[in-house]
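Have a look at the structure below before the remarks.
The values are calculated or read from the model by the stated rules, or taken from the named source; none is laboratory data. All values derive from a computational prediction rather than experimental measurement. Note that each Cβ is placed from the backbone with ideal geometry, even for glycine, and that neighbours are counted across all protein chains shown.
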Amino acid sequence: MSYIKVYVHYVWSTKNRKPLLSADIRFEVFNHIRENARKNIFIDFINGYSDHVHCLVSLNDDLSIGKTAQLIKGESSHWINKNKLIKQKFEWQDEYLAVGVGDDKIETVRQYIANQEEHHKKITFQQEYDKFIERYGFEIVKH
């Protein structure tokens, strides 16, 4: 038996960062993502705001970081559209951010994710995203 304990904090947005996750559907979407993922992905914590999602995932031994993001995003956008939760076609942005989380930071990340609504009363998602890019040393490639 393999023992794996690798946590990844994912962040992704709606297509073109449109505020499509209104308060009346946001938690329904997050609950669906959590419940559906139980088949093969362990979502420790999920929350977000009108235009993005934060998701703390414990990786398993047969899914890569990219495949995990693809499965969560693909299935959830299909489900949102199938159930007509919004009037227009729903899509997630292709890109996402994923960073590893050490044992000593798991509770801090959970609290950060839990407080998204309060957090975004002070800063925009773009400001938050830029802070992540800077903090983790990612370079933005301009096309």
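Annotations for the structure displayed:
- Qualifying residue in the range 22-43 (condition: in contact with a Ser or Thr (Cβ under 7 Å, 6 or more places away or on another chain), closer than 21 Å to R110 by Cα, crowded, with 20+ Cβ neighbours inside 10 Å and not β-branched (V, I, T)): no
- Selection of the range 98-114 for residues being exposed (fewer than 12 other Cβ atoms within 10 Å of the Cβ) and either under 17 Å from S13 (Cα atoms) or of a type in the set (D, E, K, R) (or both) yields D103, D104, E107.
- Contacts under 8 angstrom Cβ, first residue in the range 32-55 being closer than 25 Å to K121 by Cβ and in contact (Cβ under 8 Å) with a residue 60 or more places away in the chain, partner assigned to a loop (DSSP other than H, G, I, E, B) and charged (D, E, K, R), 6 or more apart: D51/K18
- For A23, the conditions (1) modelled with pLDDT of 95 or more; (2) closer than 25 Å to K131 by Cβ; (3) out of contact with any Lys or Arg (no Cβ under 9 Å at 6 or more places or on another chain) are fulfilled apart from (1).
One line per residue, one yes/no per condition, for (1) out of contact with any strand residue (DSSP E or B) (no Cβ under 7 Å at 6 or more places or on another chain); (2) of a type in the set (D, E, K, R); (3) over 20 Å from L21 (Cβ atoms):
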residue: R34; (1), (2), (3): no, yes, no
residue: F45; (1), (2), (3): no, no, no
residue: H52; (1), (2), (3): no, no, no
residue: A69; (1), (2), (3): no, no, no
residue: Q126; (1), (2), (3): yes, no, no
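The rows are residues; the columns are (1) at pLDDT below 95; (2) more than 17 Å from F132 (Cα to Cα); (3) of a type in the set (K, R).
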{"position": "F30", "(1), (2), (3)": "no, yes, no"}
{"position": "R38", "(1), (2), (3)": "yes, yes, yes"}
{"position": "H52", "(1), (2), (3)": "no, no, no"}
{"position": "D61", "(1), (2), (3)": "yes, yes, no"}
{"position": "N81", "(1), (2), (3)": "no, yes, no"}
{"position": "K87", "(1), (2), (3)": "yes, yes, yes"}
{"position": "K105", "(1), (2), (3)": "no, no, yes"}
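- Scanning the range 85-118 for residues that are touching a residue at least 40 places away in the same chain (Cβ under 8 Å) and in a helix (DSSP H, G or I) returns D103, I106, V109, R110, Y112, I113, A114, Q116, E117.
- So N83, is it in contact with a strand residue (DSSP E or B) (Cβ under 8 Å, 6 or more places away or on another chain) and surrounded by fewer than 16 Cβ atoms within 10 Å (Cβ to Cβ): no
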